[in-house]
Each structure stands twice: as structure tokens, then as C-alpha cells.
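All of the numbers you see were taken from the coordinates with simple rules; none came from a lab. This one's a predicted model, so the numbers in the text were calculated from it and none came from an experiment. Backbone-built Cβ (ideal geometry, glycine too); neighbour counts: all protein chains shown.
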Amino acid sequence: MSDVNRQVVLRQRPSGLVGPDDVELVEAPMPQIGDGEALVRNDLVGVDAAVRTWLDGQPGYLPALELGDPVRAATVGTVVETRCDAYEVGDVVTSLGGFSDYSVSLDDLFTTRVGGPDDDVDRGAMLAVYGSTGATAYFGMHDIGKPQEGETVVVSAAAGATGSIAGQIAKEKGARVVGIAGSDEKCRVAVEEFGFDACINHRTATSNATWPRRCASTARSGSTCTSTTSAGRSSTPSSAASHRAGASSCAA
């Protein structure tokens, strides 16, 4: 095992898109674990919308990053050393290890054991459909939106991590799904790869007054438009032919 731990740290608050000067790759000492802790080799790092809020210093469900902090992010990794009864060497865990080769995990709500040394764990899926974005889509659709067969569900950010899953859940429920995305290519992906019935490019629908007409033109008569918003900003479309209007806000 290496004596150094590579980390990406925050050097300045981003303005616009995150650039090379906003972060820096550094070499830090390898963490030394104590009682109740486990050392995890981070195999994959998730780039979720919440990361940007932490970089920007915005308040949220976790404290914002300070300058010099390692960039926090969801991870899936392998336990390589442990002094915690909850984990064995070789266990696969999800955590908030961040942009770091190695991190320290505890037996707490931030770390979940998802497999043992001999288990074939789909690590990518643990950060996607089984991660925070997938959970957001699931609870937003299943517990809040509750789409029904024959209704039309409108999903904004349709090609994004949460929106793409939310739309597929609605399809499984028998609904017709209309996506909203920011380019023709994203709309193509939503329809051809994620199975949406239609998708609207919001950059070409320039007037808010067009949303009800565009939504109604893609929906069946008497259907309902349920709007799911996944990260970012958009106008909420509504159907002129709604019997049970609903809105599910799914930000991740």
C-alpha cells in the first residue's frame, strides 16, 4: 500500500463551470485508523449535483466545503484495513469518501456495507440506480408523484441522473412519459435509450406560454401531467387536460 493518499482539494469557489484553477490534486499522508474505524480504498467516485452546492459554499443537509478541504462526493470502495466490528477486509461499502484514493469510514449513516469479499457487486450501479440519484427518483415517483396507468408524466432534466430513472419508473407504472431536456441530443437519448415517449427541448420552446400547448400536444386526451424536477431550473409545464394534477420535486 502506498504511503501517500492522492486527493482533489478545493482551492477557490467556482464561478460558472468548474475549472482547473478551482481545485488541485495533492498528495496527503495515508490516513491512520483508530478504534471503530475502517480504511477504504475508493474505487469509484460519483459526480452528483450536490457536489456543486458544497463547492459553492451553499448551505444544505451537509456543511459546505472550506477552501483546502478534499472535495466531498459519494464513493464506493473496498475495505483494506479495519478496526471496526461492522466491516471486514474486502467488504464493499458506499460512503462519502470524496475525491481521494483512500478515506476513513465509521459504522454510521454515511457508510453502508453492500457486499462481502466474495460478492460480485456492481459498483457503478451502487452510485447510480441504487445511489442517492436513484433513491431520489424512486421516492419522488413512488411515494409522491404516484403515476397511474394511462396518465402522462412530465420529467424535467430528463437525460440527467435522477430524471432518467424517474421517467423509467413512471413507464413501469404504465404512464406515458414526456421529458424536458436542454438539447436535441439529450431528447434523443431520453427517447431512444431511456424509453420516454416524447421529449421537449426547452431551449427551443422560448415562451412559457407554449408549455401547456407543447405538453398537451404530446399527451393523450384526459391525461394528467405530473412534473418531476431533477436539479437545475425550468418552468413547470402543465396539461390543459388534467384531471389529477400532481407535482413531484426531485432534486439531487
Net charge contributed by nearby residues that have their C-beta within less than 12 Å of LYS171 (K/R +1, D/E -1): -2
If you average the sequence gap of Cα pairs under 8 Å that are 6 or more apart and divide by the length of segment 11-147, what percent do you get for the contact order? 23 percent
Counting Lys +1, Arg +1, Asp -1, Glu -1, what net charge surrounds ALA135 among other residues with beta carbon under 13 Å of its beta carbon? -2
For segment 24-90, convex hull of alpha carbons as volume per residue, Å³: 123 Å³
Kindly rank 155-163, 167-175 from highest to lowest mean number of other beta carbons found within 10 Å of each residue. 155-163, 167-175
Surrounding net charge for LEU65, when Lys and Arg each add one and Asp and Glu each subtract one, Cβ distance under 10 Å: -1
Taking a quarter of the surface of the convex hull around the Cα atoms of segment 4-127, what do you get in nm²? 7.7 nm²
Rounded, prolate or oblate, given the Cα gyration tensor of segment 68-179, with a/c below 1.5 counting as rounded? prolate
What residues of segment 28-42 lie in the reach of a label at GLU66, counting those whose backbone N is under 19 Å from a point 7 Å from the Cα along Cα→Cβ? 28-29
In nm, what is the difference between 0.36 nm times the number of residues separating ASP56 and GLN12 and their Cα-Cα distance? 14.9 nm
Per 0.36 nm of contour for each residue apart, how much would the distance between GLN148 and ASP85 grow if the chain were fully extended, relative to their Cα-Cα spacing? 18.2 nm
